Amino acid sequence: MADHVAPARGGLNALADRASDRARLLVLDDEPGVCETLAAVLRHQGYEVRTATKLTTALGLLGEAPFDLILIDLRLEGAEGHDVLAELRAIASGATFVVLTSYATLELALHALQAGAYAYVVKPTDVAELRLVVARGLERRRLERELLIREEQLQSAQAAIHEFHTDLRSQIDEATLALQERIEALKDENLALRHAQEQHERFVAMVAHELRGPLGVIMGYAQLAVKPHVTSEQMGRFTAAILEHCQRLNRLVEDLQTATRLTTGRFDLRREPTDLAADVAAAVDQFRVTVADRTFSYDGQTNLGSVEVDRDRVSQAVRNLLDNAVKYSADGGAIGVRVWGDERTVSISVSDEGAGIPESEMPNITRAFVRGSASGEIPGSGLGLYITRGIVEAHGGSLRVRNATDARRATGAIFTITLPRTAAGLDAAEG
């Protein structure tokens, strides 16, 4: 049945016009004359009408196509009224049922209404009443269908709203989580910036302190050197002191440049075949000359062979370890240097007889600007071990630190550098 507009106030004809949009009707009565009379009246109203005088015929018609309204006499031959109505309602659940009854069976019609029929028409039937009941029944059916459609639309809209609400809540939760994560990230970044600022301030103060020391000595000896009546012996001492502290300044500047390159990722190596054992021995000899209040020993493998490294950088790393051993060992203490290797790697160890390094400080001892708790008033920039580790790792090697455990000697720190013999060996290890 096609869609209809809602019924407006008017007469029977207006209501029938709206309801007769080719509505399909079934008239079920065991009197053929009644069936044909009612069908003729209803066809005149524009309805499509089928008739049946037996229940089996009606069931066959219902199996072919649906009907919008069914007029039924419940007193069919061989059938109980209530059972007939229940059976047909089960088959044609979407149809409107109007009961045809006589005055003698009015009570049966009332029971039918209670069982789900829309209305009843008394036989013999008044044509105007028949038209009105059928039109209203069809209009009721149309309104029920529209109501069902509206309910389905409402349920669909509610489902869409629920889905939208769920999606919105999910998006809000995700956005809230992302915002919280961003806030935490900003907190971490802020802490990192504060740490960097504090580190920068400490670095500036450290550099100023480290520069002021040797500069003060240089200026003092330079002022003494220009005074009158300075003997040649005095001039020699002044010059030696000036040179020593100039070298100290040069090492500090070199450390600062290297640390900057490591931090900014612009640290380059110039590898070349190097007699590493000879270079380490030369560094030990230099410290023997310049540091008279320490005892240095060197144990180098005689058949070590050449190693493909950046000679200047590795020498700088070894000097840093020697300088660190001098700082943290007592006057007259022994500093041992050992070099050995195999076909793949070469190792260099520097040991001292100082107080050693607390185990809790070892993980951070090679970080920039970190100095051990035993440093006290010992001068230093906190860059030596950081630079040494950077140089070693740039070569693909490792820097390890441990404390001596030999009961026959004093406790002290042992730093060990291990380097691959060649750059090709490093590439193979990484592959």
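The values are calculated or read from the model by the stated rules, or taken from the named source; none is laboratory data. As the structure is a prediction and not an experimental result, all values here were calculated from the model. Ideal geometry is used to build each Cβ from the backbone, glycine not excepted, and the neighbour counts take in all protein chains shown.
When you look at residue 77, is it among the acidic types (Asp, Glu), modelled with pLDDT of 90 or more and in the same structural domain as residue 131 (by TED's automatic domain parsing), yes or no?
no
Among the candidates 430, 377, which residue alone is at pLDDT below 90, over 20 Å from residue 326 (Cα atoms) and either within 36 Å of the chain's Cα centre (by Cα) or in the same structural domain as residue 284 (by TED's automatic domain parsing) (or both)? Outline the logic, then answer.
Values: 377 fails: over 20 Å from residue 326 (Cα atoms).
Every option except 430 fails the conditions.
Given the options 252, 211, 224, 256, name the one that is free of Cβ contacts under 8 Å to residues at least 24 places away in the same chain, surrounded by 14 or more Cβ atoms within 10 Å (Cβ to Cβ) and either assigned to a helix (DSSP H, G or I) or out of contact with any Lys or Arg (no Cβ under 8 Å at 6 or more places or on another chain) (or both). Even if it seems obvious, please write down each step before you answer.
Working: 252 fails: free of Cβ contacts under 8 Å to residues at least 24 places away in the same chain; 211 fails: free of Cβ contacts under 8 Å to residues at least 24 places away in the same chain; 256 fails: free of Cβ contacts under 8 Å to residues at least 24 places away in the same chain.
Being free of Cβ contacts under 8 Å to residues at least 24 places away in the same chain, surrounded by 14 or more Cβ atoms within 10 Å (Cβ to Cβ) and either assigned to a helix (DSSP H, G or I) or out of contact with any Lys or Arg (no Cβ under 8 Å at 6 or more places or on another chain) (or both) holds for just one of 252, 211, 224, 256, which is 224.
Among the residues of segment 94-139, count how many are surrounded by fewer than 16 Cβ atoms within 10 Å (Cβ to Cβ) and within 60 Å of the chain's Cα centre (by Cα).
Looking only at that region, the number is 1.
Need the failing condition index for residue 50 against (1) free of Cβ contacts under 8 Å to residues at least 24 places away in the same chain; (2) part of a strand (DSSP E or B); (3) of a type in the set (D, E, K, R), just the number.
(1)
Would you check if there is a residue in segment 242-255 being basic (Lys, Arg) and over 23 Å from residue 385 (Cβ atoms)?
Looking through segment 242-255, none of the residues is basic (Lys, Arg) and over 23 Å from residue 385 (Cβ atoms).
Output yes when any residue across segment 92-102 is modelled with pLDDT under 90, polar (S, T, N, Q) and more than 18 Å from residue 28 (Cα to Cα), and no when none is.
The answer is no, given that none of the residues of segment 92-102 is modelled with pLDDT under 90, polar (S, T, N, Q) and more than 18 Å from residue 28 (Cα to Cα).
Test of understanding: among 382, 332, which residue is surrounded by 15 or more Cβ atoms within 10 Å (Cβ to Cβ) and either under 45 Å from the mean Cα position of the chain (by Cα) or at pLDDT 75 or above (or both)?
The match here is 382.
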